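The structure under discussion appears below in the form of structure tokens.
Quick note: the coordinates plus some simple rules give every number you see, no bench work behind them. Predicted model, so just to flag it, every value in this text is computed and none were measured. Glycine also receives a Cβ, built like all others from the backbone with ideal geometry; neighbour counts cover every protein chain displayed.
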Amino acid sequence: MEAAGLAVCGEGFRKVLEEARRVAQYPSTVLIEGETGVGKEVVADFIHRNSPRAKMPFTKVNCASIPESLLESELFGYERGAFTGAKREGSPGLFELTDKGTLLLDEIAELSPLLQAKLLRVLQDRVIRRVGGSWTRSLDIRVIASTNQPLRDLVSQGRFRADLFYRLHVVRIAVPPLRERKDEIPGLLAYYMDHFNREFGQSKQMSPGLVQQLSQYDYPGNVRELRNIVESLYVRSPGRLIDGGPVLAEILGSWVGDNSGAPVFMSPGGVPTLAETVAGAERRAIERALRHTSSVRAAAAVLGVSHTTLLRKMRRLGITDAR
């Protein structure tokens, strides 16, 4: 959900933004939790734009997209001769470049134990030391962290530092998934239709029946998936009126909505458990991404998760890449 789309948000997301506006005035660290594609980056951007730091830098770092060997120097910078290939004059890191501003650490759960320890020092002492450096520099920086994994559970499993978790957990904002904000779906569909009409210079519309059908879907990929579905329908539908048809069936795979809103994937007992529903939604999203991309890494990028996270989910769900 782009920031311009906030006007169509429903009651659930509006409450999130109200909380974000309250904490924006303070320099406190914020932890934003929620599934992939729910709008965590939108919330972080909203906090920065409504804070006293709004005119200062806002830097976004995806902790899963940068190799661990490079992430330390990206964040902390390095001194001359710190490693082979380093610039002769050294280089400041993103912490230094964001001084007086806001740094968003997305997918914070993917940080290595070494970088978790270094980040803890930044949050505790508000100082950084470049790689290969012997001096420290004080920083005035606000850190926002976001994750699609429950950090408290990772702490109990020994996969995330408890002391860092409590430093990040000063203010926690939980963004609900789109399936719990279904009142937003018609507005989001209209918003993205208008967006693509402007981008492509056309004037297409969705049929009321298609809007009703898409409003019943659970969107395991959340707002990001909704946007992609709208774009796919837009560019693949020949007429001015988009009514779904075979294109929709291909996009959504075996999911078929009906006007009753009844669930399609049912357990033998009649009503699926919440765990079955979530696992089924994850499986369908992953299998669909694998079908339409060239590799597991490309599928991870489409789904908005790291390569390692997708491999872990595939193992848990028993999904194999048959390419």
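Data table
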| item | result |
| --- | --- |
| Distance-filtered residues of the stretch 305-320 - backbone nitrogen under 17 Å, label point 7 angstrom along S295 Cα→Cβ | 305-312 |
| Label point distance in nm, M56-R198, each placed 7 Å from Cα along Cα→Cβ | 3.1 nm |
| Degrees, to the nearest 10: 274-291 long Cα axis against longest axis of the chain | 90 degrees |
| The chain: Cα Rg divided by the 2.2 N^0.38 Å rule of thumb | 1.10 |
| Nearby aspartates and glutamates by direct alpha-carbon distance to K100 (threshold 12 angstrom, same-chain neighbours under 8 apart not counted) | D140 |
| On Cα atoms only, tilt of 185-200 relative to the major axis of the chain in degrees | 80 degrees |
| Sequence-distant residues sharing a close amide H with I242 (under 5 Å, placed H) | Q205, M206, S207 |
| Placed amide H near L104: partners under 5 Å, 5+ positions off or other chain | T59, K60, V61, I144 |
| Contact order normalised by residue count of the chain, Cα under 8 Å, 6+ apart, percent | 19 percent |
| Rg in Å to one decimal, and Dmax rounded to a whole Å, for the stretch 133-245 via C-alpha atoms | 21.0, 65 |
| Relative packing of peptides 33-41, 197-205, 121-129 - highest average C-beta neighbours within 10 Å first | 33-41, 121-129, 197-205 |
| Fluctuation leader among L70, L151, L178 - the chain, Gaussian network, Cα springs under 10 angstrom | L70 |
| Local electrostatic count at K313 - Lys and Arg +1, Asp and Glu -1, tallied over other residues with Cβ under 10 Å | +3 |
| Considering only the chain, percent of DSSP beta bridges that pair antiparallel, nearest 5 | 10 percent |
| Percentage, to the nearest whole number, of Cα pairs in the stretch 127-194 over 16 Å apart | 69 percent |
| Acute angle (nearest 10 degrees) that the helix 11-24 long axis makes with the longest principal axis of the chain, alpha-carbon atoms | 10 degrees |
| Computed FRET value (nearest 0.05) for R316 with E250, which takes r as the C-beta separation and R₀ as 25 Å | 0.40 |
| Of K15/K60; K40/K204; K15/K55; K15/K313, pairs whose Cα-Cα distance is over 27 Å | K40/K204; K15/K313 |
